[in-house]
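Quick notes on the structure that follows.
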Amino acid sequence: MPRNCLSFTRNAVPVVSVRIGARRYEAMIDTGAFISMISPELTIRLGLAKQGLQPVISVHGDVQDRDVTLPPTGIAEFEIVSCKAVISNLNPLKRGLDLLLGVNAFANRRLHIDFGKGRVYLLE
């Protein structure tokens, strides 16, 4: 079973580099999020078409946000499947991110986060 890992700052929030097309983006991995999120700016840069409305429950209450389908995204040696992402302002995270990968991005994969070593392992 191949074991691929990505590095992030030890004992911090897992922010990793991912590939979409020929470009790299910084993405936060959030296993507490049932759906991925993408900033309006990256949605425009990637030319993603808005689709339906997705209910999202957060600490700020229930909201309905527009969603898009993320293109295949390269993470470590894997390409994760296309998945839905809610268009959302990620500025409150205060990390300068345009992408948050929720559990839906890792369908059919096992994910292990080692905060002490600063590594995210993806397993088939």
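Brief remarks on what is shown
- Contact map, the stretch 25-51: residues that are touching a residue at least 24 places away in the same chain (Cβ under 8 Å) and more than 24 Å from Leu111 (Cα to Cα) paired with residues that are surrounded by fewer than 18 Cβ atoms within 10 Å (Cβ to Cβ) and among the basic types (Lys, Arg), Cβ distance under 6 Å, separation 6+ or inter-chain. Pairs shown: Lys50/Arg66.
- When the test is whether a residue is over 13 Å from the mean Cα position of the chain (by Cα), of a type in the set (Gly, Ala, Ser) and at pLDDT below 90, Ala49 passes it.
- Residues of the stretch 1-56 satisfying the condition of being assigned to a loop (DSSP other than H, G, I, E, B) and of a type in the set (Asp, Glu): Asp30
- Candidates Asn104, Asn89, Asn108, filtered to the one that is in a helix (DSSP H, G or I) and either in contact (Cβ under 8 Å) with a residue 24 or more places away in the chain or farther than 25 Å from Thr9 by Cβ (or both): Asn104
The values are calculated or read from the model by the stated rules, or taken from the named source; none is laboratory data. Everything quoted here is computed from the prediction, not taken from an experiment. Here the Cβ is made from the backbone with ideal geometry for all residues, glycine too, and neighbour counts use every protein chain on show.
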